[in-house]
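In what follows, a single structure is set out as structure tokens and then discussed.
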Amino acid sequence: MTAPLKQFGEADWYETDLPPILRPQRPRPLRALAILALVLFSGSLIGISSAYFIIERERPLMAVRIGPWETYPYAGTAEADPYSVAIYTRGAKIPLASGEGVELIARTDSGGDTLQPMCRYRIHGQTPTARLWTLTATNGSGRLVETLPGRSNLTSRQLLRNPDGSFEIVASTTPQPGNWLPLAEDPFTTHGLRFNLRLYDAPVSTGSAMKGVTMPAIDRIDCL
Amino acid sequence: MILSRMSKPKSALSRFADLRRSRRSGSGNLIAGLLAVVSLAAIVHILVVLTIPQNATHSAYSNAARFGPDRAFNLLPDVVPGAEPLPGLDPAMKHALCRYQLDDGPVLFTASIPVPFWSMGLFNTRGDTIYSLNNRTAGSETLSMLVLTTEQLSILRENPPENLDELIVIETEDTEGFALLRAYVPHPSEAKLVGKALQAASCGALG
């Protein structure tokens, strides 16, 4: 006769007809505190570590990829994404401004395999038009390493070229005939390898113009 | 009697439903916990990434103070392994850096570097490019560039210097910044000459 009252009355609060969320529960402060602490701890840990890994990877977003080469046309400009801004300010990096030139970085060969300091690579083909370009071999985080001849770069002015203007460079620890780009003297203690191609005074400085230009290919010859 | 006997299986059924409901609420708690963790992680991630620029103690601007006094071009040491003055510089180049504050007045940059290629970039404290040029786009063999704020430009316009039309005038809102001058060294034997030309470059007051 008093069905609704009987269902939600105070007398039968322990009945299971109440929806679970309304059912009174015995307070368990320690458990609640532990869960809260766990959520706070793991949330901050995941947040901080994911940010750290993305920043430490030093690969800004919005990259333009041409074969194995990558460039970040927005890095160092007001239009840069927050990740690039964080990477550049944290690393105190001074970008190559668009009026100066464009920097391209290769971390893999043309086949998509990560570059290794103990391998020999053939870099061949042509670069986009530029008044001057330099090719520098660094370790995985962009720092120069000791090499046998003391240099770790090649410039377009020193290069031997084929009659058609194309070139072939061999990157290797040991001396090579032709165009030799020296790699780390001690490849087994060097972490990673990166090729940095800097095109100075290049018409392709703006990001949109980078699409469809020819870039040199990087082929692995052999490894130690 | 019959009624009470019939009520027994019903209560077993409701007990079963209760068990199922409690199980569902248990997995609901787990999902809620995971959601809380993920959203907290996302907030922390975004906060960390956004606050890095403010908290970076070694920005390029603050590092630039190591090389010498402000408002003068300081020649950076050669880019060699293990002793790179700043990260990501080209070893084929010689660099000079000048840090300036526009509160001390407009800054005039002049340089004459006898190399096939040189370039200069102006950067603010965040490391963003304000302006950049190279020896082809500079329009002449020598560089002469004036950097000032909007107010300083309006004051300057009332009493313009004679050579104002020969200057590249850069109006900026960033009162603090630095200029990096890069000069290509065609051959190691010319390194000294290029270094001297870079040191002779000026970064100072107008007139």
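The values are calculated or read from the model by the stated rules, or taken from the named source; none is laboratory data. Just so it is clear, the model here is predicted, and its values are computed rather than measured. Don't worry about glycine lacking a Cβ; one is built from the backbone with ideal geometry, like all the others, and counts go over all protein chains shown.
Of all residue pairs spaced 6 or more apart or on separate chains, those with beta-carbon atoms under 9 Å, a first member in the range A:111-130 that is without any contact (Cβ under 8 Å) to a residue 60 or more places away in the chain and a second member that is buried (at least 17 other Cβ atoms within 10 Å of the Cβ) are A:112/A:68.
Restricting attention to the range B:64-109, the residues being within 14 Å of another protein chain (Cβ to nearest Cβ), not in a strand (DSSP E or B) and not acidic (Asp, Glu) number 18. The set of residues from the range A:177-188 being in a loop (DSSP other than H, G, I, E, B) and within 30 Å of the chain's Cα centre (by Cα) comprises A:183, A:185, A:186, A:187, A:188. Every condition in (1) facing another protein chain (nearest Cβ under 9 Å); (2) farther than 30 Å from residue A:203 by Cα; (3) not in a helix (DSSP H, G or I) is met by residue A:80 except one, and the failing one is (2). Here the strands (runs of 3 or more DSSP E) wholly within the range B:110-207 that include at least 2 residues being among the hydroxyl-bearing types (Ser, Thr, Tyr) and more than 9 Å from chain A (Cβ to nearest Cβ) are B:142-148.
With crowded, with 19+ Cβ neighbours inside 10 Å and more than 14 Å from chain B (Cβ to nearest Cβ) as the only criterion, which of A:75, A:97, A:106 stands out?
The conditions single out A:106.
Of the residues B:81, B:87, B:77, B:69, the single one that is surrounded by fewer than 21 Cβ atoms within 10 Å (Cβ to Cβ), over 18 Å from residue B:181 (Cβ atoms) and not hydrophobic (A, V, I, L, M, F, W, C) is B:81. Do we find a residue being buried (at least 17 other Cβ atoms within 10 Å of the Cβ) and within 10 Å of another protein chain (Cβ to nearest Cβ) anywhere in the range A:120-129? For the range A:120-129, residues buried (at least 17 other Cβ atoms within 10 Å of the Cβ) and within 10 Å of another protein chain (Cβ to nearest Cβ): absent. So, residue B:127, is that one touching a Pro at 6+ places or on another chain (Cβ under 9 Å), at positive phi and in the same structural domain as residue B:68 (by TED's automatic domain parsing) or not? Yes; evaluated as a whole, the condition is true for this residue. Per the conditions (1) within 11 Å of chain A (Cβ to nearest Cβ); (2) at pLDDT 85 or above; (3) touching a helix residue (DSSP H, G or I) at 6+ places or on another chain (Cβ under 6 Å), the sole criterion not satisfied by residue B:59 is (2). From the list A:172, A:166, the one residue that fits, being more than 25 Å from the chain's Cα centre (by Cα), among the polar types (S, T, N, Q) and more than 14 Å from chain B (Cβ to nearest Cβ), is A:166.
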